[in-house]
Amino acid sequence: MKYAEIIVQINAKEVDRIFFYTVPKALEDKIKTGSRVTVPFGRGNRPTEGYVTALTDEVSTDRTLKEITSIKDPYPVFSKVQIDLAKWMQKKYYCTLTDCLQCILPKITKDKVERYVNLAADNEETEKIIKKNNRQSQLLKELRQNSPLSLKYIKDSLEISLQTVKSLEKKGIVTISELEQSRDLYDTKNPSPSRSHSPTHDQQAVINRVVSSLNAPEKKPFLLKGVTGSGKTLVYTEIIDKTISMGKQAVVLVPEISLTPQTVSRFIERFGEKVTVTHSKMTEGERFDQWKKAKRGDVSIMIGPRSAIFAPFENLGVIIIDEEHEKTYKSEITPKYDAREVALKLSELTGAAVLFGSATPSIESFYKTETGEYELLELNSRINMTPPDIFAVDMRDELALGNRSMFSLRLQKAIRETLKAKKQIILFLNRRGHSTFLSCRSCGYVMTCENCSVSYTYHKQDEKLVCHYCGREASVPDRCPACGSPYIKYFGAGTEKVITEVNKLFPEARILRMDADTTKTKDSHRQILEAFAAGKADILAGTQMIAKGLDFPNVTLVGVIAADLSLNSSDFRSAENTFQLITQVAGRAGRAGDKGRVLIQTYMPENYCIEYAKREDYSSFYNEEIEFRRQMAYPPFSNIAVVLFTGEDEREVIRNLHILAEIFAFYGKNKDYSRIGPSAAAVSKIKNKFRHRLIIKGRDEEKLKNYIFYCLDKFNEKYNPKGITVSVSVNPTYIP
Ligand code: ADP
Ligand code: ZN
Ligand code: ZN
């Protein structure tokens, strides 16, 4: 092939297209589709990195083409499938092809190599040759016992210099070689042995259904709805086992690796060195090494957060997406891809099966089982686990009883009983800090961040006010900044206050806190969870970090401190989010056969999502929620796009957004689209930038996107305002 289609690694719309280059004779054998190369680019012929997206023998152009300068890696970094995937992402997520290719590829870093010293020749003459040189004979002695030895060990532990090694090399007695080292965060070489269960009848049925589809040419994605504790992990591992035995590979997506250590361990226990794990807190080198293992076929299973969907497997057999309803599968940065959508596209390109799993499937996914787009599989019974008793506690009654504590009398009693029985407790409150706002009793002034339109949260441990949006800190005032009154009241509770209250009411209880403040270091999640699992604490209190996938057999009581928190948001998904959170956290109780108890504290016990969460009735919740979505024309009955303008001059932001709204009105007359706003965003100011938004709904995603970008182009042609950032999200996980 004489010519190459090249995408240059420059992130600008103007160069987001294919450029042709000639392939020099010398590189003809080396350059392949997917290779990373250096090319001269632009008038100055600047050396620029590029990707070969195709090779061809003919090009129709009058221009003389420039020549590829060099190739960067010994192997093509992209497969054909990945290039097709990137092209699809470019259209789907309206970004540049370079954006997509860069997103698919981890940052390529230098290999980590270690130098080794090998004993090459050794016979009677060796000692003559060395002539009783002390250091040299010492090294020789060591190498006779153990060869090769790493150079690092020789220098650091044996304290023998490089010079000594080099002189032995010159004499032909030793050779120095380089060996590539893998930077691994997880030890998969020595998995702790585990007891493998044989699947129950229900589990086996699900396994068989998915396995039977692995070789089928046409297949639908599966949605596995399995109540918490129904043994979904065993289903996954069994399916993967079959996939691997067919010579295929598997990708497993989990919402966040650090929050699901137990799931990851179960995979490592079962599959050992066949598994590789990627992790958002890994270094670039560690991530690149895991990618290489998959690329070379050294591993067959990649577990990770959403980016693991891009694992460079040759023969992908199955993609499993656990907790499919989680918001983390959608990226909020460019390219704003949704790993679930990418999985479906990959299935189309490779024939891999897709299995979505959840105890509380997203409304959109479950709807697809009704329209026939997905096939529904179910696990309705718990293993080793009787369903917990779930109660809602009406917090309005507590106030009437004169109880001003954040714990209802009922929860206090339950905590006391559980402590006495030497069982463990999980207390869930989806807000960190101590008090969520400080307000003056005399004039009502609320301490608010100067950069953002949000109140400060009081953090007791640091004795500080912290803004959760921009991180700004302020000292705690002893007088009201507005009127000077000394009477300042602390309202609203966060996880830190749970600790204070427990210490006050149950001084004997040992308590651990898990939230963003206590888990800043790489290993802190694991340490907290291990301490709790080892019984070093009676109570684990935390945010949604403790809601997922944790399997602690000794926990018999779960307290949801304020179930209404997520219900009060203005997002159309608030009921769904609340239902999912309560169900997930309730699933942590009573895992080892002891009857579990769940107490949900709420000010609106009659709300349908609390009511159905309490009864563990997903179907009824779904039926009610889908009706609401239908009536309001929310997803899945429409697609929603949010156009957000941000800028320092609020009047300019509003003025420009109104102009855009008129353009939308002008081009959208045929009632295909409806508009909400312009209005202030949920948080109207962050980091001194004002935020206003326009919501556009449309039936067809493709048409809606075209319409929005057409209107935005029109707007930019004529107005192109300075100092205003425009961002567009299609079907975002929450409305900004
Ligand atoms: P889920 O992810 O559906 O909430 P898990 O996969 O955590 O459920 O399984 C719940 C518990 O049941 C785990 O402790 C697991 O080891 C156990 N388990 C799963 N399948 C079986 C089985 N077939 N026999 C015995 N125990 C099982
Ligand atoms: Zn005041
Ligand atoms: Zn702020």
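The values are calculated or read from the model by the stated rules, or taken from the named source; none is laboratory data. Predicted, not measured: the structure shown is a model, and the values here were computed from it. We place every Cβ from the backbone using ideal geometry, glycine too, and count neighbours over all the protein chains shown. The accessibility values were calculated without ligands, DNA or RNA, using every heavy atom of the protein model including side chains. Shrake-Rupley method; radii C 1.70, N 1.55, O 1.52, S 1.80 Å.
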Among the residues listed as K697, K705, K714, the single one being open to solvent by 30 Å² or more (accessible area, probe 1.4 Å) and at pLDDT 90 or above: K714
Against the condition buried (at least 16 other Cβ atoms within 10 Å of the Cβ), more than 13 Å from ligand 3 (Cβ to nearest atom) and either under 27 Å from D564 (Cβ atoms) or not hydroxyl-bearing (S, T, Y) (or both), how does A400 come out, does it pass? no
Taking the condition of a type in the set (K, R) and either open to solvent by 30 Å² or more (accessible area, probe 1.4 Å) or assigned to a loop (DSSP other than H, G, I, E, B) (or both), does K220 pass? yes
In the set R573, R526, which member is farther than 28 Å from L409 by Cα and crowded, with 18+ Cβ neighbours inside 10 Å? R573
Sort through T556, T500 and tell me the only one that's modelled with pLDDT of 90 or more, open to solvent by 30 Å² or more (accessible area, probe 1.4 Å) and among the β-branched types (V, I, T). T500
Residue check, R691 in contact with a Phe, Trp or Tyr (Cβ under 7 Å, 6 or more places away or on another chain), assigned to a strand (DSSP E or B) and free of Cβ contacts under 8 Å to residues at least 60 places away in the same chain: no
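Results for (1) over 21 Å from S638 (Cβ atoms); (2) open to solvent by 40 Å² or more (accessible area, probe 1.4 Å); (3) within 16 Å of the chain's Cα centre (by Cα); (4) basic (K, R), shown as yes or no for each residue.
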position	(1), (2), (3), (4)
K330	no, no, yes, yes
E341	no, yes, yes, no
L344	no, yes, no, no
A352	yes, no, no, no
T360	yes, no, no, no
Search result, residues across segment 366-389 that are of a type in the set (G, A, S) and either within 16 Å of ligand 2 (Cβ to nearest atom) or in contact with a Ser or Thr (Cβ under 8 Å, 6 or more places away or on another chain) (or both): S381
Considering only residues that are touching a strand residue (DSSP E or B) at 6+ places or on another chain (Cβ under 7 Å) and either near ligand 3 (Cβ under 7 Å from one of its atoms) or of a type in the set (S, T, N, Q) (or both), which ones fall in segment 452-470? C452, S453, V454, S455, T457, Y469, C470
Within segment 694-736, track down each residue that is among the polar types (S, T, N, Q), assigned to a loop (DSSP other than H, G, I, E, B) and touching a residue at least 12 places away in the same chain (Cβ under 8 Å). N731, T733
Identity of the residue in segment 183-217, of a type in the set (D, E, K, R) and not in a helix (DSSP H, G or I), that ends up farthest from L355 (Cα to Cα): R183
Of those in segment 176-201 that are under 27 Å from the mean Cα position of the chain (by Cα) and within 16 Å of ligand 1 (Cβ to nearest atom), the residue surrounded by the fewest Cβ atoms within 10 Å (Cβ to Cβ) is S192
For N720, indicate whether it is touching a Lys or Arg at 6+ places or on another chain (Cβ under 9 Å) and more than 15 Å from Y667 (Cα to Cα). no
Do we have any residue at all in segment 686-698 that's among the β-branched types (V, I, T), within 16 Å of ligand 3 (Cβ to nearest atom) and out of contact with any Lys or Arg (no Cβ under 7 Å at 6 or more places or on another chain)? yes
From the option list C449, C440, single residue qualifying as away from ligand 3 (no atom under 16 Å from the Cβ) and crowded, with 16+ Cβ neighbours inside 10 Å is C440
Would you check which residues across segment 66-95 are crowded, with 20+ Cβ neighbours inside 10 Å and polar (S, T, N, Q) and list them? Q82
Condition check: away from ligand 1 (no atom under 16 Å from the Cβ), under 27 Å from R573 (Cα atoms) and open to solvent by less than 20 Å² (accessible area, probe 1.4 Å). Does I676 satisfy that? no
Within segment 407-419, can one find any residue that is within 16 Å of ligand 1 (Cβ to nearest atom), closer than 17 Å to T556 by Cβ and not basic (K, R)? no
Which of the residues that make up segment 28-65 are open to solvent by 20 Å² or more (accessible area, probe 1.4 Å) and either assigned to a strand (DSSP E or B) or in contact with a helix residue (DSSP H, G or I) (Cβ under 7 Å, 6 or more places away or on another chain) (or both)? T33, R36, T38, P40, F41, R46, P47, E49, A54, L55, T56
When segment 121-142 is checked residue by residue, the ones that are among the charged types (D, E, K, R), surrounded by 14 or more Cβ atoms within 10 Å (Cβ to Cβ) and modelled with pLDDT of 80 or more are R135, E142
Log entry, pairs with first residue in segment 480-494 being within 16 Å of ligand 1 (Cβ to nearest atom) and open to solvent by less than 70 Å² (accessible area, probe 1.4 Å), second being modelled with pLDDT of 90 or more and not small (G, A, S), beta carbons closer than 6 Å, six or more apart or on different chains, reads none
How about segment 230-325: which helices (runs of 4 or more DSSP H) wholly inside it have at least 2 residues that are touching a residue at least 60 places away in the same chain (Cβ under 8 Å) and open to solvent by less than 10 Å² (accessible area, probe 1.4 Å)? 232-245, 284-296
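The rows are residues; the columns are (1) closer than 18 Å to A613 by Cα; (2) open to solvent by 40 Å² or more (accessible area, probe 1.4 Å).
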| position | (1), (2) |
| --- | --- |
| Y367 | no, yes |
| E375 | no, yes |
| L429 | yes, no |
| T436 | no, no |
Do we find a residue being modelled with pLDDT under 95 and farther than 30 Å from I173 by Cα anywhere in segment 109-120? yes
